[in-house]
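**Student:** This structure is in structure tokens; I'll ask about it shortly.
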Amino acid sequence: MKLPIYLDHHATTPVDPHVFEAMRPYFTEHFGNASSKTHAFGWRAEEAVTLAREQVAKLIHAEPKDVVWTSGTTESNNFALMGVVRAQSKRGDHVITCATEHRSVLEVLRALEPLGVKTTVLPVDGNGTVDPQAVREAITDRTILISIMAANHEIGTIHTGVVNGDIGKIAKEKGVYFHVDAAQACGKIPIDVKAMGIDLLSMSAHKVYGPKGVGALWIRSREPHVRIEPLLYGGGQESDRRPGTLAVPNIIGMGRAFEIAGLEMDAESKRLTNLRERLKTGLLEQIPKVLLNGHPTDRLPGNLNLSFLGQRSDALIPKIRDIAVSSGSACASSETAKPSYVILALGGAKERAVSSLRFGLGRFTTEEEIDFAVERVVEAVNAH
Ligand SMILES: *Cc1c(COP(=O)(O)O)cnc(C)c1O
């Protein structure tokens with residue numbers, strides 16, 4: 001067993017060796033610009049990008065041509081929200097989201113406020129779930145967009161109202177677009193944009209054993225044809241929706257990563273759930289004051305989030321240096337932890353939000369590593 005043990009798979013994942021092998025020739029040998037139409041270098045790159053587009057589309061049950069490459073979910077979320085707000089400004093100015101969204105949703109909406117965009121930030125219940133009925137009640141005749149994530153990056157809660165299609169149905173009924181941040185969900189749980197009534201879906205490669213710096217926004221082109229303004233202007237790539245020379249090796253990697261995730265999802269989901277339960281049971285049995293954050297069952301297989309009452313996560317983390325975990329999202333990380341806004345949104349005492357640890361298990365996590373992590377965390381917490 002190699003130390004430290006990586007249990008921070010919500011922040012990022014290692015590139016799967018099969019993904020890396022698929023990418024390799026596209027750096028040196030097949031280095032063409034996918035937009036070069038006049039020679040074999042360009043054709044080769046374009047062919048590979050076409051395959052990747054099919055691989056990504058397949059995982060979410062979508063049409064390949066509606067997948068637009070971006071630099072990751074941060075860009076996809078910015079593109080979806082700003083793009084729809086700008087294209088729909090004559091129709092309305094109201095957006096609905098929820099309190100536990102990633103900051104790349106919440107901050108965009110804040111930045112749009114001076115332009116007259118009004119946002120309703122819905123609360124979540126104690127498990128981190130948003131109530132579809134509350135979404136329905138928040139809709140006004142000025143509402144243009146609902147943005148609710150599929151699964152949360154800190155507490156792992158899966159929004160059942162997103163994946164069972166309830167929110168999508170409400171959006172359709174009211175003629176409002178429905179955007180979903182699926183950075184944590186893609187490749188971990190089944191996503192079907194049609195069955196779920198989704199209009200725009202944000203994805204990243206690096207949360208699913210692909211490379212960093214590439215992602216996609218899926219934009220529905222039929223029933224309805226989503227009207228959206230681009231974020232960037234330039235050379236016309238991606239049918240003018242996202243210009244700029246395509247990051248061909250990264251895109252190949254994302255395609256292969258999504259393909260593997262689809263093939264392994266069922267088995268991997270069971271394996272990770274078992275490991276996660278082993279970690280949970282081990283910690284809960286041996287540590288007296290600990291609370292589970294997030295939904296007890298509707299959660300990502302590889303996610304466990306616990307609050308160790310009476311401890312501060314920023315004091316606890318340095319005592320378990322052999323285990324790479326975090327107290328919340330990597331984006332906000334600084335050594336002195338601020339209380340997690342996601343856990344604050346669950347209600348309850350502030351103490352819970354400053355004492356949380358997020359364990360993110362992944363494809364290469366072993367039982368031996370989990371047993372070691374249990375031992376170390378128990379030791380550190382109980383020595384306090
Ligand atoms: C990681 C993450 C993002 C940001 O993705 P990047 O690829 O790092 O830009 C957005 N939303 C969620 C839920 C995430 O987990």
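**Student:** Answer yes or no as to whether residue 233 is away from the ligand (no atom under 15 Å from the Cβ), of a type in the set (Ser, Thr, Tyr) and in contact with a Pro (Cβ under 9 Å, 6 or more places away or on another chain).
**Tutor:** Details: away from the ligand (no atom under 15 Å from the Cβ): yes; of a type in the set (Ser, Thr, Tyr): yes; in contact with a Pro (Cβ under 9 Å, 6 or more places away or on another chain): yes.
The answer is yes for residue 233.
**Student:** Cβ contacts < 6 Å: first residue near the ligand (Cβ under 10 Å from one of its atoms), restricted to region 200-212; second residue charged (D, E, K, R), any location; separation 6+ or different chain. Result?
**Tutor:** Correct list of pairs: 202/181; 206/212.
**Student:** Let me ask another. Inside region 53-99, can you point out the residues that are under 14 Å from residue 116 (Cβ atoms) and in contact (Cβ under 8 Å) with a residue 60 or more places away in the chain? Don't jump to the end; show me each part of the working.
**Tutor:** To start, the set of residues in region 53-99 that are under 14 Å from residue 116 (Cβ atoms) comprises 82, 85-86, 88-95.
Within region 53-99, 82, 85, 86, 88 qualify.
**Student:** Also, I was wondering about something else. Evaluate region 308-317: report whether one residue or more is under 30 Å from residue 264 (Cβ atoms) and either outside the structural domain of residue 106 (by TED's automatic domain parsing) or surrounded by fewer than 18 Cβ atoms within 10 Å (Cβ to Cβ) (or both). Outline the logic, then answer.
**Tutor:** Keep residues of region 308-317 that are under 30 Å from residue 264 (Cβ atoms), which gives none.
No, the conditions are met nowhere in region 308-317.
**Student:** Name every residue in region 213-223 that is open to solvent by 40 Å² or more (accessible area, probe 1.4 Å) and within 13 Å of the ligand (Cβ to nearest atom), in order of residue number. I'd like the intermediate steps shown before the answer.
**Tutor:** Taking region 213-223 and keeping what is open to solvent by 40 Å² or more (accessible area, probe 1.4 Å), we get 213, 222-223.
Residue satisfying the conditions is 213 alone.
**Student:** Restricting attention to region 224-252, report how many residues are surrounded by 13 or more Cβ atoms within 10 Å (Cβ to Cβ) and small (Gly, Ala, Ser).
**Tutor:** Going through region 224-252 one residue at a time, the tally reaches 2.
Rundown of residues vs (1) in contact with a Phe, Trp or Tyr (Cβ under 6 Å, 6 or more places away or on another chain); (2) part of a helix (DSSP H, G or I); (3) at pLDDT 95 or above, yes/no style:
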| residue | (1), (2), (3) |
| --- | --- |
| 334 | no, no, no |
| 337 | no, no, no |
| 348 | no, no, no |
| 359 | no, no, yes |
| 362 | no, no, yes |
| 370 | no, yes, yes |
| 374 | no, yes, yes |
| 378 | no, yes, yes |
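**Student:** Another question, then. Among the candidates 75, 173, 137, 101, single out the residue that is crowded, with 24+ Cβ neighbours inside 10 Å and acidic (Asp, Glu). Talk me through it step by step, then tell me what you get.
**Tutor:** Details: 75 fails: crowded, with 24+ Cβ neighbours inside 10 Å; 173 fails: crowded, with 24+ Cβ neighbours inside 10 Å; 137 fails: crowded, with 24+ Cβ neighbours inside 10 Å.
Testing whether each residue is crowded, with 24+ Cβ neighbours inside 10 Å and acidic (Asp, Glu) leaves just 101.
**Student:** For a quick check of your reading of the model, give me the residue pairs whose first member lies in region 303-318 and is closer than 12 Å to residue 377 by Cβ and modelled with pLDDT under 95, whose second is open to solvent by 40 Å² or more (accessible area, probe 1.4 Å) and not in a strand (DSSP E or B), with beta-carbon atoms closer than 6 Å and at least 6 apart or on different chains.
**Tutor:** Close Cβ pairs satisfying both conditions: 311/384.
**Student:** Consider region 172-199. How many of its residues are under 19 Å from residue 84 (Cα atoms), within 14 Å of the ligand (Cβ to nearest atom) and of a type outside the set (A, V, I, L, M, F, W, C)? Walk me through how you get there before you give the answer.
**Tutor:** Of all residues in region 172-199, those under 19 Å from residue 84 (Cα atoms) come to 172-182, 193, 197-199.
Right, trim to within 14 Å of the ligand (Cβ to nearest atom) and you get 179-182.
Keeping just the survivors that are of a type outside the set (A, V, I, L, M, F, W, C) gives 179, 181.
Counting residues in region 172-199 that are under 19 Å from residue 84 (Cα atoms), within 14 Å of the ligand (Cβ to nearest atom) and of a type outside the set (A, V, I, L, M, F, W, C) gives 2.
**Student:** Yes or no: residue 281 within 29 Å of residue 61 (Cβ to Cβ) and surrounded by fewer than 16 Cβ atoms within 10 Å (Cβ to Cβ)?
**Tutor:** no
**Student:** State which residue is surrounded by the most Cβ atoms within 10 Å (Cβ to Cβ) when the search covers only region 84-98 and only residues that are away from the ligand (no atom under 16 Å from the Cβ) and over 11 Å from residue 145 (Cβ atoms). Steps first, please.
**Tutor:** Pass one, region 84-98, residues away from the ligand (no atom under 16 Å from the Cβ): 84-96.
Checking the rest, the ones that are also over 11 Å from residue 145 (Cβ atoms) come to 86, 89-90.
Working: 86: 16, 89: 14, 90: 7.
Step by step, filter region 84-98, then rank; the result is 86.
Per-residue answers, yes or no, for (1) touching an Asp or Glu at 6+ places or on another chain (Cβ under 7 Å); (2) closer than 18 Å to residue 194 by Cβ:
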site: 23; (1), (2): no, no
site: 28; (1), (2): no, no
site: 31; (1), (2): no, no
site: 34; (1), (2): yes, no
site: 50; (1), (2): no, no
site: 59; (1), (2): no, yes
site: 67; (1), (2): no, yes
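**Student:** Further question on the same structure: Regarding residue 353, is this residue touching a Leu at 6+ places or on another chain (Cβ under 7 Å), farther than 30 Å from residue 17 by Cβ, not assigned by TED's automatic domain parsing to the domain that holds residue 102 and not in a loop (DSSP other than H, G, I, E, B)?
**Tutor:** Working: touching a Leu at 6+ places or on another chain (Cβ under 7 Å): yes; farther than 30 Å from residue 17 by Cβ: yes; not assigned by TED's automatic domain parsing to the domain that holds residue 102: yes; not in a loop (DSSP other than H, G, I, E, B): yes.
Considered against the rule, which asks whether it is touching a Leu at 6+ places or on another chain (Cβ under 7 Å), farther than 30 Å from residue 17 by Cβ, not assigned by TED's automatic domain parsing to the domain that holds residue 102 and not in a loop (DSSP other than H, G, I, E, B), residue 353 comes out as yes.
**Student:** Of the residues that make up region 8-16, is at least one touching an Asp or Glu at 6+ places or on another chain (Cβ under 9 Å) and under 30 Å from residue 376 (Cα atoms)? Spell out the reasoning first.
**Tutor:** At the first step, the residues of region 8-16 found to be touching an Asp or Glu at 6+ places or on another chain (Cβ under 9 Å) are 10.
Now restrict to residues that are under 30 Å from residue 376 (Cα atoms): 10.
The answer is yes, given that some residue of region 8-16 is touching an Asp or Glu at 6+ places or on another chain (Cβ under 9 Å) and under 30 Å from residue 376 (Cα atoms).
Each row is one residue, and each column tells you yes or no for (1) surrounded by 19 or more Cβ atoms within 10 Å (Cβ to Cβ); (2) at pLDDT 95 or above; (3) closer than 18 Å to residue 148 by Cβ.
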site: 14; (1), (2), (3): no, yes, no
site: 57; (1), (2), (3): yes, yes, no
site: 82; (1), (2), (3): yes, yes, yes
site: 108; (1), (2), (3): yes, yes, yes
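**Student:** Follow-up. Go through 140, 70 for me and flag whichever is away from the ligand (no atom under 16 Å from the Cβ) and either among the hydroxyl-bearing types (Ser, Thr, Tyr) or more than 25 Å from residue 239 (Cα to Cα) (or both). If you could, list the steps in order and put the result at the bottom.
**Tutor:** On the way: 70 fails: away from the ligand (no atom under 16 Å from the Cβ).
After ruling out the rest, the residue left standing is 140.
The values are calculated or read from the model by the stated rules, or taken from the named source; none is laboratory data. Everything numeric in this text was worked out from a predicted model, so none of it was measured. Note: ideal-geometry Cβ built from the backbone for every residue, glycine included; neighbour counts use all protein chains shown. Surface accessibility is based on the protein's heavy atoms, side chains included, excluding ligands, DNA and RNA. Shrake-Rupley method; radii C 1.70, N 1.55, O 1.52, S 1.80 Å.
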